[in-house]
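Written out below as structure tokens is the structure these notes cover.
What follows is calculated from the coordinates using simple rules that are stated; it is not laboratory data. Just so you know, these numbers come straight off a predicted model, no measurement behind them. Glycine also receives a Cβ, built like all others from the backbone with ideal geometry; neighbour counts cover every protein chain displayed.
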């Protein structure tokens, strides 16, 4: 005879023991059991990461694929996120960094382990020094292979800890969505910056509950009553106040509101190096850029002003000309930044106001003072200096070799009101600083860490983010070849920037330093270049090479027409003379 116990199947971790009632026994209360809710269908951690990015408002990611994060790539396949496949990890990281400068959320790049991560490091450094919100996802070796010198193994925290706000590794699959939320928060909170997220290839394949972690709100700060009272008192006592705008943490609404407030009070505003456009180029309050290549009057302005208000940035190395200008601690400096550490600051601090630009401008609107006649005269004087500095050279071509002055004189009148410019590093950027009409926030996208190779990737990111705008990038010949192959990415995804390559057959900035410190001993700076116009055509765009100044206007017209007519990128290769002979 079989007993009841013997007839009952043994419980297992996946199958609970069956409940058996004695023969003839009536049904007990609560029997049969109430139906249970259907457990959610599981998803892989890699797919949950993609779902979390979508929930955080990510529209685009820039990738160079690798087998280490295949499950994330698979998740992207059916998501709303556009996947931009790049030709080099440095180009992908630059595109993500530029995307972070233009939007109110981090730019996203994805690369593989080891060599891929190393190549992407340049974009991370740019995001760190430029205070740009950015997430770099890096595929990693399997968790089980760690610390065994596996193929392409590297220590992600040792590599990136000093150049990122946080370095996070997904070692527990069930935390996938939480890690994304934490990374997004870290990139945007306080002083924005890059965050690195490591994804072990076996962990991201594990099946988990697909519930998403909520977005973590970012504090914006603001002016306290005492802050507002102190700023109002400082303004009332000032005869020559000056605002300096900078950083990548603005909205157009705040930029417009600040511009209106400055104009109402006849107070001038300068722009941090390579961030022009927050206060419009056309505003009567705009008095020019501060940084390398700035006009002398703008340099003098920092010493002459009796009240300096930095908004969204701090007076750092470039602004203070190597920690030299504006170092007198008797000077009045108000620093408006959400970063309590004031990292990168140089010179005196009278008061720090912990606020992001939008929150500060919102509170600034409550301060209204009668405009002083001396403010009007002070602003008008500096505005006249800026207009003189930015006045275009003659548009008529000159005899001889092509000239950047002629190109800019013909380009600027052909630009729409909302045109934007991008560029990397080198002396070719001075023409953009001086002449390009920046009329909106984020109409100048550049690398303030002086990183070369940024021009083409940033122009592609800008064109994809703002397909209705005219995007111009100005590259040097040395810089262009560092990431010029990303023109293939532009052709693949329909980006339509106008690329101007100024070709003087040398690394011009370094040549300038050589002439200053080692005269007549040029070494390691000379270049022999290909036909960049032909190269552009090979990549699927419009390309034209110009050697004579008389041909510049027609070349520009042809390039702009090709963009509008054919929907392709266009490149103007401008072969200019070297300033001095090569010895």
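For the reader, a short list of remarks on this structure follows.
- Simple label model, 7 Å out from Cα along Cβ direction - residue 391 to residue 158, nm: 6.0 nm
- Here, the stretch 225-388 is characterised by an Rg to Rh ratio of 0.91, where Rg is the alpha-carbon radius of gyration and Rh the Kirkwood radius.
- Altogether, the Stokes-Einstein calculation at 10 °C and 1.306 mPa s, with the Kirkwood radius of the stretch 407-485 over Cα pairs as Rh, returns a diffusion coefficient of 126 µm²/s.
- Potential lengthening between residue 341 and residue 264 on full extension [0.36 nm per residue; Cα-Cα distance subtracted]: 24.5 nm
- Efficiency of FRET between residue 42 and residue 466 - r from beta-carbon atoms, R0 60 angstrom, step 0.05: 0.95
- Among 345-354, 495-504, the order from most to least packed when residues are scored by Cβ within 10 Å on average: 495-504, 345-354
- The stretch 314-343 and the stretch 523-539 have their alpha-carbon centroids 40 Å apart.
- Put simply, when 135-144, 226-235 are sorted by average Cβ atoms within 10 angstrom per residue, most first, you get 135-144, 226-235.
- Of all DSSP-defined beta bridges confined to the chain, some 5% are antiparallel rather than parallel.
- Just so you know, the Cα atoms of the stretch 43-208 work out to an Rg and Dmax of 14.0, 41 Å.
- Reciprocal mean inverse distance between Cα atoms of the stretch 392-575 - Kirkwood radius, Å: 16.4 Å
- Computing Rg and the Kirkwood Rh from the Cα coordinates of the chain gives a ratio, Rg/Rh, of 1.09.
- Taking 7 Å steps out from each Cα toward its Cβ at residue 143 and residue 401 produces label points 6.1 nm apart.
- Dividing the convex hull volume of the alpha-carbon atoms in the stretch 470-583 by its residue count gives 99 Å³ per residue.
- Whole-number percent relative contact order across the chain, with pairs defined as alpha carbons under 8 Å at least 6 apart: 12 percent
- Principal axis analysis of the Cα atoms in the stretch 353-449 yields extents of 56, 33, 26 Å, listed in decreasing size.
- Annotation for residue 327 and residue 557: the two label points, set 7 Å from Cα along the Cα-Cβ direction, are 5.4 nm apart.
- Average projection area in nm² (convex hull over Cα atoms of the stretch 134-216, one quarter of hull surface): 5.6 nm²
- Cβ-derived FRET efficiency at R0 51 Å, residue 520 paired with residue 80, nearest 0.05: 0.30
- The relative contact order of the stretch 413-550 comes to 22 percent, based on Cα pairs under 8 Å that sit 6 or more residues apart.
- For the stretch 182-240 versus the stretch 427-491, the inter-centroid distance based on Cα atoms is 27 Å.
- Cut-off 12 Å (backbone N to label point 7 Å along Cα→Cβ of residue 513), residues of the stretch 400-442: 426
- Relative contact order computed over the stretch 525-574 (Cα-Cα under 8 Å; 6+ residues apart), in percent: 41 percent
- Stretched out straight at 0.36 nm per residue, the stretch from residue 369 to residue 538 would grow longer than its current Cα-Cα span by 54.9 nm.
- DSSP beta bridges in the stretch 43-208 [antiparallel fraction, %, rounded to 5]: 10 percent
- Listed peptides 408-414, 566-572, 522-528 appear in the order 566-572, 408-414, 522-528 once ranked by packing, highest mean of other Cβ atoms within 10 Å at the front.
- Helix-only mean residue ellipticity at 222 nm for the chain, each DSSP H run of n ≥ 4 adding -39500 (n - 2.57), per residue, nearest 500: -10500 deg cm²/dmol
- Relative intensity, log₁₀ I(q)/I(0), of the stretch 299-363 from a Debye sum that treats every alpha carbon as a point, q = 0.12, 0.16 Å⁻¹: -0.28, -0.49
- Calculated FRET efficiency for the pair residue 172/residue 430, C-beta based, R₀ 60 Å, to 0.05: 0.75
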